[in-house]
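These notes concern the structure reproduced below.
The values are calculated or read from the model by the stated rules, or taken from the named source; none is laboratory data. Since the structure is predicted, the reported quantities are computational estimates derived from the model, not experimental observations. Here the Cβ positions follow ideal geometry from the backbone for every residue, glycine too, while neighbour counts run over all protein chains shown. These accessible areas exclude ligands, DNA and RNA; they are computed on the full protein's heavy atoms, side chains included. Shrake-Rupley method; radii C 1.70, N 1.55, O 1.52, S 1.80 Å.
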Amino acid sequence: MHQAEMAEALVVAAEALASGDVPVGAVVVDETGRIVARERNRREADGDPLAHAELLALHAAAAARGDWNLEGCTLLVTLEPCVMCAGAILASRVGRLVYGAWDDKAGAVGSVYDVVRDRRLPHRIEVVAGVRADESARLLTEFFRARR
């Protein structure tokens, strides 16, 4: 389940390597299964601390659909979202989040925090974790190994 869409997110993640950005990719799929947005981390490329793949993909999907409310859409991302991205995911009303590798340092969807399923918040989403996790983790490991 979600293998093909996550394969696209991995392709997008690899594109981040050219600009020295951490290789994280995200795609948003609508109710029909059509990809409406595909983005990668661009913090280094854009000099923007907020240019995480998830935020950029949500922004692009909202623009493509002409509506901030992405209910019925699925966000697929190669790395477990951080707290900032988890908040944006909730605010966008995405119905499902699918991610690859866990982030045991800053993950906000089960590893360190679980923001998207916090019962104190008014919106929760379905989460599918670990899709193509090995490939996602390998891309990140190779990136950080090369930087050290």
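Some notes on this structure:
- A single entry from 76, 70 fulfils the requirement of being within 15 Å of residue 26 (Cβ to Cβ), out of contact with any Leu (no Cβ under 6 Å at 6 or more places or on another chain), part of a loop (DSSP other than H, G, I, E, B) and of a type in the set (A, V, I, L, M, F, W, C): 70.
- Exactly one residue among 5, 39, 54 is of a type in the set (D, E, K, R) and touching a residue at least 40 places away in the same chain (Cβ under 8 Å), and that residue is 5.
- Given (1) open to solvent by 40 Å² or more (accessible area, probe 1.4 Å); (2) at positive phi; (3) touching a residue at least 60 places away in the same chain (Cβ under 8 Å), index of the condition residue 33 fails: (3)
- Any hit, region 91-101, residues being open to solvent by 60 Å² or more (accessible area, probe 1.4 Å), within 14 Å of the chain's Cα centre (by Cα), of a type outside the set (Val, Ile, Thr) and on the phi < 0 side of the Ramachandran plot: yes
- Top-ranked residue in region 10-30 [being in a helix (DSSP H, G or I) and among the small types (Gly, Ala, Ser); ranked as most open to solvent (accessible area, probe 1.4 Å)]: 18
- Filter result for residue 80 (open to solvent by 10 Å² or more (accessible area, probe 1.4 Å) and at pLDDT 95 or above): no
- Qualifying residue in region 66-76 (condition: within 25 Å of residue 141 (Cα to Cα), in contact (Cβ under 8 Å) with a residue 24 or more places away in the chain and open to solvent by less than 50 Å² (accessible area, probe 1.4 Å)): yes
- Residue check for residue 57: assigned to a strand (DSSP E or B), modelled with pLDDT of 95 or more, open to solvent by less than 20 Å² (accessible area, probe 1.4 Å) and touching a strand residue (DSSP E or B) at 6+ places or on another chain (Cβ under 7 Å): no
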